[in-house]
Amino acid sequence: DIWVYSTGNDRLGVGTNGYILTADSGETTGLKWTAPTAAAGSPAWVKVTKTFTDFAFAATNHSFTVYTLSAKQVLHQTVVKTTTAFTGGSITSYTLAMSTAIGTVLSPVDIFQTVGDTIFFFEDDASGQGPQDFGTTAALQATLVASHNLNTATAGSVDIYLLLSTLP
């Protein structure tokens, strides 16, 4: 928590992982937590963490939104890293793929991996044709497919890094 002041002493609770503290005159304390965004023209990495609880569905596959790209936002690269090994039940594979309405962002990769500082999955651009410009907001969808029901996992997490920039 952060000590802040409005009309008296107050606290601003810890924000979501990866969020940054931003000045906002519309807030009582003048501060709020926001998702980082890339400055116009300057690529910046955004990290999204997903854990086994995000995938807890009584099915062997599930689709979900990883990130919503704003208008004029360009996705340059995607990097995926397993940060906690996926375990539980009889699961022997967790395959993650990502796409938008325009095309594939990440080809299917098995994130059921040994955790290590050198094990990453890397996709160079949004569809193999260079960076994509999304003229309106676009959902970055992920599909997870497992060898057994997703809700049998008892541990596991993955970090998804997105290299983004915003056109002026």
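The values are calculated or read from the model by the stated rules, or taken from the named source; none is laboratory data. Being a predicted model, the structure only gives us computed values, none of them experimental. Cβ atoms come from the backbone with ideal geometry, glycine included; neighbour counts cover every protein chain shown. Please note that ligands, DNA and RNA were not included when accessible areas were found on the heavy atoms of the full protein model with its side chains. Shrake-Rupley method; radii C 1.70, N 1.55, O 1.52, S 1.80 Å.
Out of the residues in the range 49-78 that are open to solvent by less than 20 Å² (accessible area, probe 1.4 Å) and not hydroxyl-bearing (S, T, Y), state the one that is nearest to A155 (Cα to Cα).
First pass over the range 49-78, keeping only residues open to solvent by less than 20 Å² (accessible area, probe 1.4 Å): 55, 66, 69, 73-75, 78.
Narrowing the set further to residues that are not hydroxyl-bearing (S, T, Y) leaves 55, 66, 69, 73-75.
On the way: F55: 11, V66: 19, L69: 29, Q73: 33, V74: 33, L75: 29 Å.
Among residues in the range 49-78 that are open to solvent by less than 20 Å² (accessible area, probe 1.4 Å) and not hydroxyl-bearing (S, T, Y), the one nearest to A155 (Cα to Cα) is F55.
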So which residues in the range 18-39 are open to solvent by 80 Å² or more (accessible area, probe 1.4 Å), within 27 Å of the chain's Cα centre (by Cα) and either touching a residue at least 40 places away in the same chain (Cβ under 8 Å) or more than 24 Å from V74 (Cβ to Cβ) (or both)?
A23, T37
Output the qualifying pairs, or none if there are none: Cβ atoms under 6 angstrom, residues six or more apart or on different chains, first residue in the range 57-74 and closer than 8 Å to L150 by Cα, second residue among the small types (G, A, S).
T60/A146
Of the conditions (1) closer than 19 Å to V145 by Cβ; (2) out of contact with any His (no Cβ under 8 Å at 6 or more places or on another chain); (3) surrounded by 17 or more Cβ atoms within 10 Å (Cβ to Cβ), I91 fails just one. Which one is it?
(2)
Being under 22 Å from A59 (Cα atoms), open to solvent by 60 Å² or more (accessible area, probe 1.4 Å) and modelled with pLDDT of 85 or more: is that true of V158 here?
no
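Assess whether S42 counts as being in contact (Cβ under 8 Å) with a residue 60 or more places away in the chain, under 24 Å from A138 (Cβ atoms) and not in a strand (DSSP E or B).
yes
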